[in-house]
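Comments concern the structure below.
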Ligand SMILES: *Cc1c(COP(=O)(O)O)cnc(C)c1O
């Protein structure tokens, strides 16, 4: 029995990657914003239709340093239905996360629930385009403008997503992408941040390089979050193939939709209007009463059959032990409920339709 994992990294051919890194043996310029880094930066800026794009060693540092570069203080309104990184980046900046509930269909922050959370300490909103679903960017912008708040999007799931024909990085003050090995596009580890303001981008560029502003000038308390040449080269290879990879993911998603859409008690990821999707994830919410089995039962049955889905996201970040019970998960009841019912099913470019059928057959064996 072949095992099927939730994700599988896409790779260029060995020869293509070796070709891409060959010149590094001559230049001996292995990191610190070399030629591969600059080439990838420019190409990504074009591909993502983004402004002021800066590469980083991972997506987490994109969020952490964007918050620092924007000079925020006090409270940041965010979603608990996300990966650990989003909330940790806020807390590691000395900021306080204030958790807003999510929309039960898109799983993104519910804009109607933002305003009651705003206090005089609020400095920013940090929503997540979760699973590549697009947040209500217009409503969020209206609120941000009204209260003069910064907006930082966690776009880790949204590589290549377009809304009304525009790259997703065109919304908010900053957009933070992850190029982790399991994401739609990857550099093994890596990420980037895109900014509306050139100046904030330049500040982030200093922060990722120890705060250096010249050979003898250190103007910021920075860190080291540079992307090296070998990983930039992996990105150049992967960027050539990413459109094809997204298309292949789309075929698997189409099959999942055909098999699981419309089944009573199964809630699948929505198709949003005016959105060009990237098919990053395929979440399914199991409503036990109507379907006949709960999320955990399905997860175990899949695993018994060599199929490894994930409880993504469970628990909520507001429930993490590291925060010592400081937050109240009951205040975001929709997020709490979804986190208890959701599974993301295996999805990657090389997942063939027979595998999707095998996964769906296991799930549908529970159907009432
Ligand atoms: C992957 C991910 C990150 C962090 O990215 P890394 O590149 O792994 O540091 C942040 N937020 C979300 C929602 C993610 O899925």
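The values are calculated or read from the model by the stated rules, or taken from the named source; none is laboratory data. This structure is a prediction, so every number in the text was calculated from the model and none was measured. In this analysis, Cβ positions are derived from the backbone assuming ideal geometry, glycine residues included, and neighbour counts consider all displayed protein chains.
Does residue 217 fit the bill of being assigned by TED's automatic domain parsing to the domain that holds residue 52, within 17 Å of residue 44 (Cα to Cα) and more than 14 Å from the ligand (Cβ to nearest atom)?
Details: assigned by TED's automatic domain parsing to the domain that holds residue 52: yes; within 17 Å of residue 44 (Cα to Cα): no; more than 14 Å from the ligand (Cβ to nearest atom): yes.
Considered against the rule, which asks whether it is assigned by TED's automatic domain parsing to the domain that holds residue 52, within 17 Å of residue 44 (Cα to Cα) and more than 14 Å from the ligand (Cβ to nearest atom), residue 217 comes out as no.
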Residue by residue through segment 271-303, note down the ones that are surrounded by 14 or more Cβ atoms within 10 Å (Cβ to Cβ) and closer than 16 Å to residue 108 by Cβ.
272, 275, 277, 278, 280, 281, 283, 285
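From 44, 40, 72, which residue is more than 16 Å from the ligand (Cβ to nearest atom) and crowded, with 19+ Cβ neighbours inside 10 Å? Spell out the reasoning first.
On the way: 44 fails: more than 16 Å from the ligand (Cβ to nearest atom); 40 fails: more than 16 Å from the ligand (Cβ to nearest atom).
The conditions single out 72.
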Hey, among 134, 128, 151, which residue is over 20 Å from residue 69 (Cβ atoms) and touching a helix residue (DSSP H, G or I) at 6+ places or on another chain (Cβ under 8 Å)?
134
Determine whether segment 201-213 contains at least one residue that is within 16 Å of the ligand (Cβ to nearest atom), in contact with a strand residue (DSSP E or B) (Cβ under 7 Å, 6 or more places away or on another chain) and either at pLDDT 95 or above or under 30 Å from residue 143 (Cα atoms) (or both).
yes
From the options 85, 66, 73, residue that is outside any helix (DSSP H, G or I) and farther than 20 Å from residue 337 by Cα:
73
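Among 159, 179, 185, which is the only one that is surrounded by 24 or more Cβ atoms within 10 Å (Cβ to Cβ), out of contact with any helix residue (DSSP H, G or I) (no Cβ under 7 Å at 6 or more places or on another chain) and at pLDDT 95 or above?
Working: 179 fails: out of contact with any helix residue (DSSP H, G or I) (no Cβ under 7 Å at 6 or more places or on another chain); 185 fails: out of contact with any helix residue (DSSP H, G or I) (no Cβ under 7 Å at 6 or more places or on another chain).
Exactly one of 159, 179, 185 is surrounded by 24 or more Cβ atoms within 10 Å (Cβ to Cβ), out of contact with any helix residue (DSSP H, G or I) (no Cβ under 7 Å at 6 or more places or on another chain) and at pLDDT 95 or above, namely 159.
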Could you tell me which of the residues 8, 28 is within 30 Å of residue 357 (Cα to Cα) and either at pLDDT below 95 or surrounded by fewer than 16 Cβ atoms within 10 Å (Cβ to Cβ) (or both)?
8
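Residue 46: in a loop (DSSP other than H, G, I, E, B) and without any contact (Cβ under 8 Å) to a residue 24 or more places away in the chain, yes or no? Working first, answer last.
Working: in a loop (DSSP other than H, G, I, E, B): no; without any contact (Cβ under 8 Å) to a residue 24 or more places away in the chain: yes.
So residue 46 fails the test.
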For segment 88-128, which residues satisfy the criterion of being within 18 Å of residue 325 (Cα to Cα), in contact with a strand residue (DSSP E or B) (Cβ under 7 Å, 6 or more places away or on another chain) and assigned to a loop (DSSP other than H, G, I, E, B)?
95, 100
Residue within segment 177-190 that is more than 15 Å from the ligand (Cβ to nearest atom) and either closer than 23 Å to residue 283 by Cα or more than 19 Å from the chain's Cα centre (by Cα) (or both) present:
no
